[in-house]
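Just below is one structure, and these are the notes that go with it.
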Amino acid sequence: MKQTDIAIIGGGPGGLAAAQYGARAGRDVLIIEKLAAGGQTMLIDRIENYPGFDEAITGFELADKMQRQAENFGAKLLYDELVSIKKDDKYFEVNLKSETVQAKTVIIATGAKHRVLDIDGEATYSGKGVSYCGTCDGPFFRNKTIYVIGGGDTALTDALYLSKLSDDVTLVHRRDRFRAQDNLVRQISASKIKTMMNFKPVSIKGDGTKVTAIELESTVDGQHVTKPTSAVFIFAGMLPQTEMLDKELLDKTGYVMTNDRMETKMPGLFAIGDVRNTPFRQVVTAAADGAVAAHIASEYIDEIEGNAYASH
Ligand code: NAP
């Protein structure tokens, strides 16, 4: 059975940062990744808010740099899929599809997926006007027409953010009441954002290279309207990737609960980045979580092994 000090489940920016910090602290680090290192970052065309890159970098390049940095410090990448995690008195048994790994600590960095609407044109124009992240892509649509879909906290928060970039923002919600907190609803009412209640998107249209319009259907009388737009921001909720974890570790919305040391309820088990109950989901916050988790995981290993002093 493979053995490691720190097993990291997920090779996105959080996992790669944790790997770098863990390996640099002299720990054996194994990153377990299902598909390709980089996670959702790989889908981002231009990242212009990651500190230190004054000229935008592609998600692919940033992920590649993070992976090489982690590997240069000695972290190993294993392509496999997590099935379950069990803990005996001291160590974790990380059951993967192809093998089992024994780990002293485990860091969950599996991320969260945006819920998609699954309507015509959504996948075709993803990254070409269809976006799931206001702070990432909003600046590309400065002074353009923008439609925002959803009635939760994220939709309203991002609509408010986008309204600083454009005077032509419309918020579309399928019911007559927003799900979001009252103070956000009040801010929307006081803003220049237009609202279309009781409408749901049915298709996104484009010219082959970019979004040109959105088709909406009234949830009251079924009437269809088509509105010209440059961008459609979709905030239909998130799906944290936690199916393989014990439900006791999760909050009621399915995210892993941690403290500010990234510790879960189970000693030695950590969670970082989009999969944890964090107020802000960005590459930089995932990376910072990774650094904290690797540091605390390293201290934890010293504790269970009876080392008097952790020197990292
Ligand atoms: P959410 O609360 O699940 O809201 C998703 C929204 O998308 C709902 O309004 C839902 O409509 C709508 N929706 C879902 N499927 C749809 C579809 N097929 N077509 C049209 N609309 C659809 O998700 P969220 O806003 O991302 O928030 C997730 C969690 O993060 C929440 O617990 C939230 O409180 C928290 N959060 C907090 C803050 C903050 O505190 N500032 C900011 C962001 C997020 P219905 O309402 O009709 O179901």
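The values are calculated or read from the model by the stated rules, or taken from the named source; none is laboratory data. Here the structure is a predicted model, which is why all the values come from computation and not from measurement. Here the Cβ is made from the backbone with ideal geometry for all residues, glycine too, and neighbour counts use every protein chain on show. Note: areas computed on protein heavy atoms with side chains; ligands, DNA, RNA excluded. Shrake-Rupley method; radii C 1.70, N 1.55, O 1.52, S 1.80 Å.
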Query raised in the report: Which of the following residues is of a type in the set (Lys, Arg), open to solvent by 10 Å² or more (accessible area, probe 1.4 Å), touching a residue at least 60 places away in the same chain (Cβ under 8 Å) and more than 30 Å from Ala231 (Cβ to Cβ): Lys87, Lys97, Lys113, Lys144?
Result: Lys87
Query raised in the report: Does at least one position in segment 99-118 carry a residue that is of a type in the set (D, E, K, R), in contact with a Gly (Cβ under 6 Å, 6 or more places away or on another chain), part of a helix (DSSP H, G or I) and within 14 Å of the ligand (Cβ to nearest atom)?
Result: no
Report summary line: Conditions (1) under 22 Å from the mean Cα position of the chain (by Cα); (2) part of a loop (DSSP other than H, G, I, E, B); (3) surrounded by fewer than 21 Cβ atoms within 10 Å (Cβ to Cβ) -> Pro267 fails only (1)
Report task. Tell me, yes or no, whether segment 67-75 has at least one residue that is at pLDDT 95 or above and among the acidic types (Asp, Glu). Result -> yes
Query raised in the report: Residues in segment 47-58 that are free of Cβ contacts under 8 Å to residues at least 24 places away in the same chain and surrounded by 13 or more Cβ atoms within 10 Å (Cβ to Cβ): how many?
Result: 4
Report task. Please specify each residue of segment 159-172 satisfying the condition of being buried (at least 24 other Cβ atoms within 10 Å of the Cβ) and outside any strand (DSSP E or B). Result -> Ala159, Leu162
Report summary line: The residue that is surrounded by the fewest Cβ atoms within 10 Å (Cβ to Cβ), considering only those in segment 124-140 that are assigned to a helix (DSSP H, G or I) and in contact with a strand residue (DSSP E or B) (Cβ under 9 Å, 6 or more places away or on another chain), is Phe140
Report task. Take the residues in segment 233-283 that are among the small types (Gly, Ala, Ser) and in contact with a Pro (Cβ under 8 Å, 6 or more places away or on another chain), then tell me which one is farthest from Ile296 (Cα to Cα). Result -> Gly254
Query - segment 1-32, residues that are in contact with an Asp or Glu (Cβ under 8 Å, 6 or more places away or on another chain) and over 18 Å from Val284 (Cα atoms) - result: Met1, Lys2, Gln3, Thr4, Asp5, Ile6, Arg27, Asp28, Val29, Ile32
Query raised in the report: Scanning segment 175-231 for residues that are small (Gly, Ala, Ser), over 27 Å from the mean Cα position of the chain (by Cα) and part of a loop (DSSP other than H, G, I, E, B), which turns out surrounded by the most Cβ atoms within 10 Å (Cβ to Cβ)?
Result: Ser191
Requested in this report: Would you check if there is a residue in segment 292-299 being in contact with a strand residue (DSSP E or B) (Cβ under 7 Å, 6 or more places away or on another chain) and open to solvent by 30 Å² or more (accessible area, probe 1.4 Å)?
Outcome: no
Query raised in the report: Can you pull out the residues in segment 141-158 that are outside any loop (DSSP other than H, G, I, E, B), farther than 17 Å from Val116 by Cα and more than 7 Å from the ligand (Cβ to nearest atom)?
Result: Phe141, Ile146, Leu156
Report task. Out of Ser189, Ser230, report the one residue that is of a type in the set (Gly, Ala, Ser), farther than 30 Å from Ser298 by Cβ and either free of Cβ contacts under 8 Å to residues at least 12 places away in the same chain or within 12 Å of the ligand (Cβ to nearest atom) (or both). Result -> Ser189
Query raised in the report: Just one of the numbered conditions (1) away from the ligand (no atom under 16 Å from the Cβ); (2) in contact with a Gly (Cβ under 7 Å, 6 or more places away or on another chain) is not true of Ala180; which one?
Result: (1)
Query raised in the report: Filter segment 233-264 for residues that are free of Cβ contacts under 8 Å to residues at least 24 places away in the same chain and within 16 Å of the ligand (Cβ to nearest atom); which is most open to solvent (accessible area, probe 1.4 Å)?
Result: Lys252
